[in-house]
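Taken together, the values in this text are just the output of simple stated rules run on the coordinates, not laboratory data. Note that the structure is a prediction, hence the values are computed from the model and not measured. Note that each Cβ is placed from the backbone with ideal geometry, even for glycine, and that neighbours are counted across all protein chains shown.
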């Protein structure tokens, strides 16, 4: 059955470890109108957490001789900058592993009763994303932070559930660089484990990730994997900010446990854009020479096949393309039309005020 809406009654926290869920409840306020949804999510979390103990036994058996032999490949870029399309294209190489949508929601239930939980999830989730009509599936590539939050207890994406607490969540989780060295080491150990579970779930030798918060985490990632390769993509800020607002508004409807007004959401979007971009700009010199490619969104959507070929001949030349899979992605892209933009003068003025120097630095024209 084709659907483009979620079946409501719970949210994605059903796949979160119960202890992590209780910790979130202690640290952040669940508003009255969302308490029933949160309570139902906790009940299911108790079940999935109980099953996770058996899952962990299976993981230990499967991972006994598993090593992360190749440093990962990272796709960097702000939300709505073409990172999803780029991720799907790069995952068309053979022997590549990545977090799936199922892994992102149920990272603690990857190996025991996966067939059952995944089957239920596919029924419950929509066939297309609510905002941009992009097709969804439990096995499609997904962003790391959802799964890290559910499995390891750290995620910038907690803000989707608690949007009014975005400042606290930003300070604690965006860059993953707390002053407590023990906490940093815990993050690193948990992240290695997350990657190993991904390597087993989608069998491959090299891990690839698309995760916008990673723009602010280059020191963290490179300390773990010094020879990681990166593909960075950016888009006209006027478009990307408006598209991000529309996307977050739609996405929050399925995840939020607090109501948030538009002005708070706009403040979050502007602040996060500036923080992530400046962190990337200031830290990208840490990436080894030859391990970074920078792209424009406009070039990607105009000719994604050519971009794929260029990347493959460049920093991904050691990977073997899966042509059939690639052709399928390119055909779907041809059918997907981007939303047109008509910016109001007040919006243009605000973007100019907040991001004027960044717009020029990225090579885009400042609008009047």
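With a Förster radius of 35 Å applied to the C-beta separation of residue 124 and residue 177, the computed FRET efficiency comes to 0.45.
If R0 is 22 Å, the Cβ-Cβ spacing of residue 205 and residue 57 corresponds to a FRET efficiency of close to 0.35. Largest GNM mean-square fluctuation across 151, 234, 320, computed for the chain with C-alpha springs under 10 Å, falls on 320. Remark: 137, 312, 285, 103 ranked as 285, 137, 312, 103, counting other beta-carbon atoms within 10 Å and listing the fewest first. On the beta carbon distance between residue 303 and residue 325, with R0 = 22 Å, the FRET formula returns roughly 0.75. By the count of other C-beta atoms within 10 Å, a proxy for reagent exposure, 333, 150, 93 are ordered fewest to most as 333, 93, 150. Springs join every pair of Cα atoms under 10 Å in this Gaussian network model of the chain, and among 343, 225, 112 the largest mean-square fluctuation is at 343. Taking the chain as a Gaussian network of alpha-carbon nodes connected by springs under 10 Å, the highest mean-square fluctuation of the residues 352, 11, 95 belongs to 352.
Note on residue 281 and residue 348: their simple-model spin labels are 2.3 nm apart, each label 7 Å out from Cα toward Cβ. For the chain, the 222 nm mean residue ellipticity estimated from helices alone, with every DSSP H stretch of n ≥ 4 adding -39500 (n - 2.57) and the total spread over all residues, rounds to -16500 deg cm²/dmol. Counting neighbouring Cβ atoms within 10 Å and putting the fewest first, the residues 38, 156 line up as 38, 156. Round to a whole angstrom and tell me the spacing of the C-alpha centers of the stretch 34-105 and the stretch 292-368. Cα centroid to Cα centroid, the span is 25 Å. Using only alpha carbon pairs under 8 Å that are at least six residues apart, calculate the relative contact order of the chain and give it in whole percent. Here the relative contact order equals 24 percent.
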